[in-house]
Amino acid sequence: MKKTSAPANSNSEFYKPPKSIIRRANVKEYENLYTYSNEHREDFWAEQANNLKWFKKWKTVLDNSNPPFYKWFTGGKINIVYNAIDRHLKTWRRNKVAFIWEGEPGDVRTFSYHALNREVSKFANILKSMGVQKGEIVTIYMPQIPELAISMLACAKIGAAHSVVYGGFSVEALAERIADAGSRVLLTADGGYRRGKATNLKEIANEAMKRSPTIEVCITVKRTGQDVYMESDRDFWYHDLISLPITNNKCETEVMDAEDMLFILYTSGTTGRPKGVVHTHGGYSVYTATTHRMVFDIKEEDRWWCAADPGWITGHSYIIYAPLINGATVMMYEGAPNHPYPNRWWHMIEKYGISILYTSPTAIRGLMRFGDAWPNRHDLSSLRLLGSVGEPINPEAWRWYHEVIGKRKCPIMDTWWQTETGGFMITPLPITPLKPGSATKPFFGIEVGVVDDAGNEVKTGEEGKLVIKSPWPGMARTIYKDPDRYIEVYWKDYEKMGWYKAGDSARIDEDGYIWIIGRIDDVIKVSGYRLGTAEIESALVSHPDIAEAAAIALPHDLKGNAIHTFVITRAGVSGDKTLEQELKKHVSHELGPIARPESVAFVESLPKTRSGKIMRRVLRARALGEDEGDLTTLEE
Ligand code: PRX
């Protein structure tokens, strides 16, 4: 890419995409189509929806009779799996590679669309034989193995909703999510590989099932072969079931209403209880497929690698659903990027001829620290486009990614979005001149604002709250079993205007480019993973020695943010190094290693408002040696 004007880190540093990319881009023009997509919102989305196969066409594109509970493509009948698999089987894509999967130990499995259909159908038949019904929520807790994708697709195929719990989460996180979803069936594995070691998924699942007794059936995929406890009448091995005669290769894909639930995905918010964000078959299919095709310029011959975990929204939307709908070849890798050596990713890019890599700033920073020699040993010339997601990318990491990985010829799609938005919201297209660190402009049909508390647009370059001003097909429909919370969290602040509050702060520069600054609520992004301060605090106080706790985020070179905690011990207990270590381990055991605090400080009191709310802002300011700001509401 050609750099047009220079000064480092400046807002006017533009990188223009290479002509070869512009010439072949799926979308060749932004401004006019953007205007059209907002002025003729329903026409625009109807045109996109027409790229999919519907069992029955919709009556209404957008039903806005009961905001903020918008409905899309009502009256339409569809199934996302019909679009992601079935329809390809009638074309030459039947024999195209759908998934290339590499395990951390180096084992490889590939699936054509035909093979994927066979495996999904078999798994779907197993689920049916266990009595799984349309509309029921199946919890999936798996490592990054093909069966994770297969089981999600199997649920969707028979009209059950899935709730995937990230395999890096632990006992309490899993138990709580099973309980909220009221799942009767749990799909898991004995373990997976991470940095050369087998993780103990089934053991965690067993402990979680004790805490959440709704599970009647647990199906376990054998991955590592380690010894695990299996309870008779409840636990089944997947390989035993799959060899039974009931699991034939044919299974009808269920006809669903466009607004039927496809999945719930729990995400952290400002209170302790995670929110089950609800997505649907119709709008989500249209939105994810459209954004993926337009932003990542998907071509038939591409090899697409979204190096996220399928257990997060990035994986749901852009490892599984959108790429399969677009008939792409998808790369999936089980393990750590630096195992056994820091060239693992670069090696796989060369080995499989990956053309598009989509990852997080944390992964980029993590690999960058090993130096250029590792990527330089490999032929990365198959790469055409790069992507970034999950947290703001610092210009230094952006430039390294651009120069050392992309060899200055691969535009970087810095995509801003959320679990709740379903797909990309603010993002460049391959034709967009880029500024390192800016997610650039809103996607088609997305109107954004950066506003103050009263809803006035802030001045150019000033920080404000990011809002979305109009509905889009991929938007979350509600929070599972808690519509009031859906209104409260996202819609209440700008109720009169009908705007969605993202929970992020941002600024817009003189060129109309959007710069995401970060979360402004009690959500912490650690290595791009989303955690709630309240979840970490509740894990800490679940330890018998702890009476009160507060968690905050402080900047971290590699992770973007790190978790720092402050605790008050129970009477008679004194804080020391041993307890500090024990508390870190406890949080890791309850929530997962990503939630492990960087530090635990023992304190006598916590700054609180008179109504008893912990003032994390004050703790943060103190830790950073900054001005503590307005303390008038501080109790003591
Ligand atoms: O703070 C923003 C940050 O990630 C949050 C959403 O987290 P989650 O629901 O886990 O989804 C992550 C993957 C879509 C946002 O509120 N975020 C996401 N993408 C970016 C980002 N921050 C800056 N730049 C991005 N490209």
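Number of residues in region 419-452 that are farther than 16 Å from Asn38 by Cβ, within 24 Å of the chain's Cα centre (by Cα) and in a strand (DSSP E or B) equals 3. Of the residues Tyr352, Tyr318, Tyr333, the single one that is buried (at least 20 other Cβ atoms within 10 Å of the Cβ), in contact (Cβ under 8 Å) with a residue 40 or more places away in the chain and among the aromatic types (Phe, Trp, Tyr) is Tyr318. For the subset of region 505-535 comprising residues that are closer than 22 Å to Val171 by Cβ and among the charged types (D, E, K, R), which member is surrounded by the fewest Cβ atoms within 10 Å (Cβ to Cβ)? Within region 505-535, the match that is surrounded by the fewest Cβ atoms within 10 Å (Cβ to Cβ) is Arg530. Tell me the residue from Lys441, Lys459 that is surrounded by fewer than 24 Cβ atoms within 10 Å (Cβ to Cβ) and without any contact (Cβ under 8 Å) to a residue 24 or more places away in the chain, please. Selected residue: Lys459, the only one of Lys441, Lys459 that is surrounded by fewer than 24 Cβ atoms within 10 Å (Cβ to Cβ) and without any contact (Cβ under 8 Å) to a residue 24 or more places away in the chain.
Residue pairs whose Cβ atoms lie under 8 Å apart, separated by 6 or more positions or on different chains, with the first residue in region 505-534 and over 17 Å from Arg616 (Cα atoms) and the second of a type in the set (Ser, Thr, Tyr) and more than 11 Å from the ligand (Cβ to nearest atom), are Ile508/Thr460; Asp509/Thr460; Glu510/Thr460; Asp511/Ser12; Ser527/Thr362; Gly528/Thr362. Annotation: of all residues in region 586-617 being assigned to a helix (DSSP H, G or I) and touching a strand residue (DSSP E or B) at 6+ places or on another chain (Cβ under 7 Å), the one that is modelled with the lowest pLDDT is Arg616.
I need the full set of residues from region 61-93 which are hydroxyl-bearing (Ser, Thr, Tyr) and exposed (fewer than 15 other Cβ atoms within 10 Å of the Cβ), in order please.
Quick first cut of region 61-93, residues hydroxyl-bearing (Ser, Thr, Tyr) only: 65, 70, 74, 82, 91.
Listed by number, the residues that qualify are Ser65, Thr91.
What residue, of Asp509, Asp521, is within 11 Å of the ligand (Cβ to nearest atom), within 23 Å of Asp453 (Cα to Cα) and among the charged types (D, E, K, R)? Steps first, answer last, please.
Details: Asp509 fails: within 11 Å of the ligand (Cβ to nearest atom).
Among Asp509, Asp521, only Asp521 is within 11 Å of the ligand (Cβ to nearest atom), within 23 Å of Asp453 (Cα to Cα) and among the charged types (D, E, K, R).
Can you find a residue in region 562-569 that is in contact (Cβ under 8 Å) with a residue 40 or more places away in the chain, closer than 26 Å to Ile393 by Cβ and within 16 Å of the ligand (Cβ to nearest atom)? Looking for residues that are in contact (Cβ under 8 Å) with a residue 40 or more places away in the chain, closer than 26 Å to Ile393 by Cβ and within 16 Å of the ligand (Cβ to nearest atom), one finds none in region 562-569, hence no. Of all the criteria given as (1) away from the ligand (no atom under 16 Å from the Cβ); (2) modelled with pLDDT under 95; (3) buried (at least 24 other Cβ atoms within 10 Å of the Cβ); (4) not polar (S, T, N, Q), the one not satisfied by Lys275 is (1). Report yes if some residue within region 544-558 is under 29 Å from Phe443 (Cβ atoms), crowded, with 21+ Cβ neighbours inside 10 Å and not hydroxyl-bearing (Ser, Thr, Tyr); otherwise report no. Yes, that holds for at least one residue. Does Asp504 qualify as being modelled with pLDDT under 95 and within 14 Å of the ligand (Cβ to nearest atom)? The answer is no for Asp504. Note on region 597-614: residues that are free of Cβ contacts under 8 Å to residues at least 24 places away in the same chain and closer than 15 Å to Thr565 by Cβ total 0.
For the structure I just gave you, tell me whether Gly445 is under 22 Å from Tyr358 (Cβ atoms), away from the ligand (no atom under 14 Å from the Cβ) and among the small types (Gly, Ala, Ser). If you could, list the steps in order and put the result at the bottom.
Numbers: under 22 Å from Tyr358 (Cβ atoms): yes; away from the ligand (no atom under 14 Å from the Cβ): yes; among the small types (Gly, Ala, Ser): yes.
It is true that Gly445 is under 22 Å from Tyr358 (Cβ atoms), away from the ligand (no atom under 14 Å from the Cβ) and among the small types (Gly, Ala, Ser).
The values are calculated or read from the model by the stated rules, or taken from the named source; none is laboratory data. Since the model is a prediction, treat every value here as computed from it, not as a measurement. In this analysis, Cβ positions are derived from the backbone assuming ideal geometry, glycine residues included, and neighbour counts consider all displayed protein chains.
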